[in-house]
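Inspection log for the structure reproduced underneath, given as structure tokens.
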Amino acid sequence: MMKEMLKVQQRTLFNSIRSQGAKGAFTYGISALFILVLMLILARLTWSLASNLPDGLFESFLPYILLAMFSFILLMGIPQVFKNLYSANDLQFLFTMPIPTKTIFWVKYIQSIVGVPLLVFLLFFIPALTFGIHGNVSILFYFVAFVVGAGIVLIGLSIAYLFNLGLIQIVPPSRANELMTVMSALSGLLVYALFQLPNLLNDSSRGANMIESYQFPNWTPMSLGGEALFQARVGSIDFLLPLFFLLLQAIIFFFLSSLLVEKGFRTGWIRLSEGPRKKKKSKKAKTSGAVRHPVMALGLKEWKAISRDLREWMIFMPLGFFLIFPVIAFMNNGEGLKILIQNTELTLVIVQGAFLFIYAVFTGSLAAASIGREGPAAWMLSVLPVTGVQVALGKLWISWLLPFGILSFLEVVAGIFLSWPIHYHLIVLIMNAFVALGISSIGIWIGTIGARYNPNSPQQRNSVVSSLFLLLLSYAYLLLMFVPFVLLIVPTEAIELVESLKGETKGFFSFIVDNSAFLLDLKRQSTSLGTSIGFISLIVISCLVTYFMITIAGKRMDGGVDIKFVENKGNVRFKKNSMSRKL
């Protein structure tokens, strides 16, 4: 039965490729060409390193290569496995046939190998072949490289299946639409944590070279595979024991993934297909008859739309990448942390600069998404007795408040930990408030240009071009904040460093250095004057940008804003150009 099902899956795959026509063939051709070029680059790199790589560095570097394989399989495999298990179009038909559930599961498992896992294996094995040919390794190396690569792939894929089969039993059906987004987010954090693990556990006193100083635990698949490859390179029979334990781990995870088939696969698919159960009608709470201002009411409407869907909060997911893990890794370095705590002026510049970068990434995106969020209900705003400027202001204040509140809380906590004086906290809060206000207004205007509505991916509210344009404008706006940043944040002691860079920079950087020296000199001569100019320029620039952006955004809303609809059905994605709404 399994053999016939695999043949059917093969024919289905070929037919789907042929049905896509010339456009699909061109896409597959470009993808294949890219993969081929990547393989050639890796093969050439390993060819050049084969005869020059020291044994000690080779042994230390192997686990990191296997870690990259393992992490990439988890990153791409967890969402792919979820689609194969719960979103495939043929599952409804297969479950009505007299086919055992485990047979369907193993067919889906084998089908998952032909994809990202197979690509990762080839990207590892082909460079390993070129390394072996030029490095004059033992013939055992080729066999061990094949087995180690296959073992890492099976372990990573089995863990991806375990992750999906286990999580589907925890998440309630009412959150089924959010599960795919959660899977992708958790896989990204898991992979990032794996890459940061050596940094977190590395002791800086053992040397600056982390690769040589840090050793993975002996029981991990990366350590076992690296040891087996190193021993096979020189023809030693000692590769047998680590290779045996690596295969044993692959078999164990392979077996564990089959234990949750009934509850995790069939029952999970049924729960997701049924959708949320009807809730009992609750008694309506007494509400006051007070009428809110339209700007306040529109903002509260946005808050309710954001708060009831977990996927809307995925825009803040990269905060873990930018803040949490780097902070933990840095805290592991006690000497560097002690130096920073003693130098509060340096930490103010570093931390505030980092947070302004984060504001530019997140604040505008959240504001721009508020336009596309209207979706099918956009017509309601067009018939309400409100102006376009009022709609823009209503979306502006809630889009400004959320990131400002979250990021300000994180920065205040960081400032307390770094022993900032109270006036440092006041300065950064005032600066962040006005900086975030201007970026939010830019996001509102961009949202009126490239708004999209995708019910299956609420976090994708803007077109790619408009998102890039938003990022560009956000950083251009930060450049306008150069004067208040230097006058309010940078200490006057930095003027000596700036003066030393005057003759070494050219073009735009020379302009930045010259003006920084002028502003710092002004601040050194009169601190009160420099601080006053800093606050005035901060408020004026922010208010002017906000007024201009909200005005033109309001005019566009009065004239009508097109929201393009994007619909997902399985793996097929298409746009309905005729389905657009005017806001």
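Counting Lys +1, Arg +1, Asp -1, Glu -1, what net charge surrounds L298 among other residues with beta carbon under 12 Å of its beta carbon?
Counting the neighbours of L298, the net charge comes to +3.
Could you please put E4, E312 in sequence from largest to smallest accessible area, using a 1.4 Å probe?
Final ranking, largest accessible area leading: E4, E312.
Of K395/K523; K83/K395; K108/K304; K395/K564; K304/K564; K108/K263, which ones are farther than 28 Å apart at the Cα?
Check vs 28 Å cut-off fails for K395/K523; K83/K395; K108/K304.
Long-range amide H contacts for F95: which residues qualify at under 5 Å (H placed 1.01 Å from N, peptide plane, sequence gap of 5 or more or a different chain)?
Long-range HN contacts for F95: none found.
List, in order, the whole-Hz ³J(HN,Hα) value for each residue of segment 72-83 obtained from phi through the Karplus relation with A = 6.51, B = -1.76, C = 1.60 and θ = phi - 60°; use x for Gly and Pro.
Per-residue couplings from phi come out as 5, 5, 5, 4, 8, x, 4, x, 5, 5, 4, 5 Hz.
For segment 528-542, just list the computed ³J(HN,Hα) in residue order, Karplus coefficients 6.51, -1.76 and 1.60, θ = phi - 60°, integers in Hz, with x standing in for Gly and Pro.
5, 5, x, 5, 4, 5, x, 5, 5, 5, 4, 5, 5, 4, 5
Hey, how many Å between the Cα centroid of segment 256-271 and the Cα centroid of segment 375-428?
42 Å
Find the centroid of the Cα atoms in segment 84-152 and in segment 449-526, then give the distance between the two in whole Å.
47 Å
Taking θ as phi - 60°, what are the ³J(HN,Hα) couplings along segment 220-229 by the Karplus curve (6.51, -1.76, 1.60), each to the nearest whole Hz, with x for Gly and Pro?
6, x, 5, 5, 5, x, x, 5, 5, 5
For segment 487-570, what's the relative contact order in percent, using C-alpha pairs closer than 8 Å and at least 6 residues apart?
Here the relative contact order equals 29 percent.
Just to make sure I understand: if all protein chains stay in place, what is the order of I541, I237 by accessible area at 1.4 Å, largest first?
I get I237, I541, largest accessible area first.
Report the relative contact order of segment 453-535, percent, no decimals, based on alpha-carbon pairs under 8 angstrom and at least 6 residues apart.
32 percent
Quick one: length gained pulling T492 to I406 fully straight, 0.36 nm per residue minus the C-alpha distance?
Full extension from T492 to I406 adds 27.9 nm.
The values are calculated or read from the model by the stated rules, or taken from the named source; none is laboratory data. Here the structure is a predicted model, which means the values were calculated and not measured. No Cβ is skipped: glycine too gets one built from the backbone with ideal geometry, and neighbour counts run over all protein chains shown. The area values use the complete protein model at the heavy-atom level, side chains included, leaving out ligands, DNA and RNA. Shrake-Rupley method; radii C 1.70, N 1.55, O 1.52, S 1.80 Å.
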